[in-house]
Amino acid sequence: MTRPLWEPSSQEIEESNIKRFIVKANERYSLHIKDYRDLDAWSVEYTEDFWSLVWDFTGVIGERTDAILVNRDRMPGAHWFPDARLNFAENLLRRRDAAPALIFWGENVVKREISHAELYNKVSRLAQALRASGVEPGDCVASFLPNIPEAVVGMLATASIGAIWSSCSPDFGVQGVIDRFGQIKPKVLLAVDGYYFNGKTINCLERLVDIRAKLPTLESIIVVSYISARPDTTALPGAVLFEDYLALYRGGEISFARMSFAHPLYIVFSSGTTGIPKCIVHGAGGTLLQHLKEHMLHVDVHEDDRLFYHTTTGWMMWNWLVSGLACGATILLYDGSPYRNKGTILFEYAESARATVFGTSAIYIETLMKNNIVPRDTYQLKSLRTILSTGSPLSPRGFEYAYAHIKPVRISSISGGTDIISCFLQGNPILPVWSGEMQCRGLGMAVAVYNDTGTSVIGEKGELVCTAPFPAMPIGFLNDSDGEKYRAAYFEKYPGVWRQGDYAEMTSHYGYKIYGRSDSVLKPSGVRIGTAEIYTQVEQIEEVEESLATSQEWHDGERIILFVKLRPGMMLSDELTTTIRKHIFRNTTQHHVPAKIVQVRDIPRTKSGKITELAVREVIAGRPIKNFETLANPEALEQYKNRPELLS
């Protein structure tokens, strides 16, 4: 495109939080910041001043001294706000009025609304009950809950005590839960009796019996009634229903435990499919400060905004979404399939709840586009001003579809990960949107793209890195006392520099493109190719619904294998194969053209919607896959085994 897809008006720029932030920065530090480029450069060069102002501008509740960053030249090893004391939940519960804090839909079966005052009251009662059960700072509370209000209440009550929250969504099987919670040794488990998905009711009680038996550290199990009024828990010795657990306690002032900036808040899990998940520990202060920065400055969330992201509790976007409470926003929770009502239930919900920010996955947008669904024909979405997308890169056609067929507002593709429980690449309310690009790097994040020699480049593909410390870096990995696994995960290739593992490019607009995971980069004839480069072309073919590209070891090198899922009832013919190859060649290079194109019934994805190229690469090589529980559809991998097409 020669022109941006979207540009902010002068009024939108003037009314943005980021404009107010620039004014504050100029006033406090006698600066002359004129635009975002100036602000970005200052935020990285004078990072202590930047994060100090973020603390004050966002109104963080807590105490701190002038000490901002210790060991700035060490990564890992830097320490932020070493003297600060705060409580994460106290910052998210700053409102106590009658305005809605949470609006919830469980598909179209259950609908609830909870005010800020009611949320505070529920958190108070649960915190008292947890304390009475012996939960102390540093203890782990585990959650096997869907994206329902009780999950938010549980996290906030846990954080108010200074305990650690960790979550698996109930679509995980028993082994997937044990692989995660077995490592963290939780004292309490909050679990659900079942959930709704795509019009079906799924009971969880039988799995809970097995989970309970394999978690010997559990002292309490609390069951939330969701699919039934009072579920039968007789097979779960010692289990108590959530409403009974709270019955003895009245709401009142919460005794928030103010802990150090780096005090553990969350344990989240890596989603690799080749081994047991890594337990990544995130601190309360870094998570809070990073989320406030992203919500207020990059998304432009204001008090009384209504923030929606389609997520499960097993994805870090749930943690990100809930932090919107710290801005005084209303959080919109949806549990269930996004494809109910012919794929439009999320827009029905967004219209009903008057969403101002609508977040979803790239695959959801691409699926709507492939199925010719036009939400704006049915839903006006009058309140909506921003659409967010993550999980995988949003194609240029996906940008243009969302702008034309959902609503012509800012479309922000964002990218980060569980590793930092936030984003490296962001949207921006005062910059234009270019199709296929993420608008900017996050403020205070020294993000760059390195070529093979470790040199920062623009307009070339390479490794996405961050060259300086930032507050949302993990505290470390659980059960990694010497930090060896942590260093190996991010700092081995470029010592002192964070390597995210994404194959990326900084554009001439100073935006970014992501081409897929760098560990799944294809290298036929030694040429590095991101899988997203191929997907962008293949999925323009009308007959193709989805695709997956991976490499196969072949003779003394590797070749590209493209798997395609076609529209229902279609078969891969020689003619279609030729069409796909010609389209890829015409729009990329000869190196991008796959050696083999193979039809499959389904594309395996993680529960957060990411295509699992590495798992398929291992399968076609005959190597074992260990962590099936990470996948949303693990059965899909069976069709990739022993394919005769790959023998010649």
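No lab work stands behind these numbers, since they all come straight from the coordinates. Keep in mind it's a predicted model, so treat the numbers as computed, not measured. Neighbour counts run over all protein chains shown; Cβ positions are idealised from the backbone, glycine included.
Can you tell me what share of the DSSP beta bridges in segment 448-599 is antiparallel? A percent to the nearest 5 is fine.
85
Roughly how big is segment 521-647's charge dipole about its Cα centre, with Cβ charges of +1 (Lys, Arg) and -1 (Asp, Glu), in debye to the nearest 20?
That gives a dipole near 260 debye.
7 Å from Cα along Cα→Cβ at both Ala213 and Arg3: what's the point-to-point distance in nm?
In this crude spin-label approximation the distance works out to 6.6 nm.
Checking the a/c ratio against 1.5 first, then a/b against b/c, what shape does the Cα gyration tensor give for the chain?
In terms of gyration-tensor shape, rounded.
Would you check segment 521-647 for Lys pairs whose C-alpha atoms are within less than 19 Å, ignoring same-chain pairs closer than 8 in sequence, and give me the count?
Counting lysine pairs in segment 521-647 gives 11.
At q = 0.13, 0.16 Å⁻¹, what is the base-10 log of I(q)/I(0) for segment 313-441 according to the Debye formula with one equal point scatterer per Cα and no solvent? Please give it to two decimals.
For segment 313-441 at q = 0.13, 0.16 Å⁻¹, log10 I(q)/I(0) is -0.51, -0.81.
Which one, Gly569, Gln537, Thr367, is farthest towards the positive end of the dipole of the chain when Lys and Arg carry +1 and Asp and Glu -1 on their Cβ?
About the Cα centre, the residue reaching furthest to the positive side is Gly569.
If you place +1 on the Cβ of every Lys and Arg, -1 on the Cβ of every Asp and Glu, and leave all else neutral, what size is the dipole of the chain about its Cα centre, to the nearest 20 Debye?
Once rounded to the nearest 20, the dipole reads 440 debye.
For Lys34, which lysines qualify as cross-link partners when the Cα separation must be under 22 Å and same-chain residues fewer than eight apart are set aside?
Straight-distance partners of Lys34: Lys19, Lys24, Lys293.
Taking the Kirkwood radius as the inverse of the mean 1/r across Cα pairs, report the Rg/Rh of segment 327-371. Write down the numbers at each step before the final one.
Values: Rg = 11.4 Å, Rh = 11.5 Å.
On the Cα set of segment 327-371, Rg over Rh gives 0.98.
Among Gly77, Trp105, Gln11, which residue has its Cα furthest toward the positive end of the charge dipole of segment 1-113, with +1 on Lys/Arg Cβ and -1 on Asp/Glu Cβ?
With unit charges placed on the Cβ atoms, the residue in question is Trp105.
So in segment 521-647, what percent of DSSP beta bridges are antiparallel if you round to the nearest 5?
In segment 521-647, DSSP labels about 75 percent of beta bridges as antiparallel.
Helix-derived [θ] at 222 nm for the chain: sum -39500 (n - 2.57) over DSSP H runs of at least 4, divide by residue count, nearest 500?
Values: 20 runs with 181 residues, N = 648.
Rounded to the nearest 500, the figure is -8000 deg cm²/dmol.
If you bin every alpha carbon distance in segment 397-547 into 10 Å steps from zero, what whole percent lands in each bin?
In order of increasing distance, the bins hold 10, 35, 34, 16, 4, 0 percent.
Can you pull a Stokes-Einstein diffusion coefficient for segment 64-207 at 37 °C (0.692 mPa s), Rh from Kirkwood over Cα pairs, as a whole number of µm²/s?
Calculated translational D: 189 µm²/s.
How large is the Kirkwood hydrodynamic radius of segment 550-648, in angstrom, based on all distinct alpha carbon pairs?
On the way: mean 1/r = 0.0687 Å⁻¹.
One decimal place: 14.6 Å for the Kirkwood radius.
Compute the convex hull volume of the Cα atoms of segment 30-139, divide it by the residue count, and report the result per residue in Å³ as a whole number.
Value for segment 30-139: 224 Å³ per residue.
Any idea how far apart Glu492 and Glu48 come out in nm if each label point goes 7 Å out from Cα toward Cβ?
With each label point 7 Å from Cα toward Cβ, the separation is 3.4 nm.
What is the antiparallel percent of DSSP beta bridges lying wholly in the chain, to the nearest 5?
Percentage antiparallel, nearest 5: 60.
Ranked by Cβ crowding within 10 angstrom, fewest neighbours first, how are Asp171, Asp97 ordered?
Ascending number of Cβ neighbours within 10 Å: Asp97, Asp171.
What distance in nm separates the simple spin-label points at Arg94 and Phe628, each placed 7 Å from Cα in the Cβ direction?
4.8
Quick one: putting +1 on the C-beta of Lys and Arg, -1 on the C-beta of Asp and Glu, what dipole do you get for segment 211-255 around its Cα centre, in Debye to the nearest 20?
140
Where in segment 326-418 are there GluC sites (Glu not before Pro) that are in a DSSP coil and have at most 16 other Cβ atoms within 10 angstrom of their Cβ?
Values: sites: Glu348, Glu351, Glu366, Glu400; in loops: none.
For GluC sites (Glu not before Pro) across segment 326-418 that sit outside H, G, I, E and B with at most 16 neighbouring Cβ atoms in 10 Å, the list is empty.
Farthest toward the dipole's positive end in the chain, which of Leu443, Phe628, Gly462, given Cβ charges of +1 (Lys, Arg) and -1 (Asp, Glu) about the Cα centre?
Result: Phe628, furthest along the dipole toward the positive end.
Hey, got a sec? Which GluC sites (Glu not before Pro) in segment 512-578 land in a DSSP loop and have at most 13 other Cβ atoms within 10 Å?
Glu542
Given a Förster radius of 45 Å and the C-beta distance between Asn203 and Glu136 as r, what FRET efficiency does 1/(1 + (r/R0)^6) yield to the nearest 0.05?
Between Asn203 and Glu136 the formula returns 0.85.
Could you tell me the distance between the Cα centroids of segment 497-548 and segment 94-164, to the nearest Å?
Rounded to whole Å, the Cα centres lie 39 Å apart.
Could you list Leu368, Leu614, Leu5 in order of exposure, starting from the residue whose Cβ has the fewest other Cβ atoms within 10 Å?
So the residues, fewest neighbours to most, are Leu614, Leu5, Leu368.
With r as the distance between the Cβ atoms of His591 and Met570 and R0 = 30 Å, compute the FRET efficiency 1/(1 + (r/R0)^6) and round to 0.05.
My answer for the efficiency is 0.60.
Go through segment 194-272 and name the trypsin sites (Lys or Arg not before Pro) that are in a DSSP coil and have 14 or fewer other Cβ atoms within 10 Å of their Cβ.
Filter output for segment 194-272: Lys214, Arg250.
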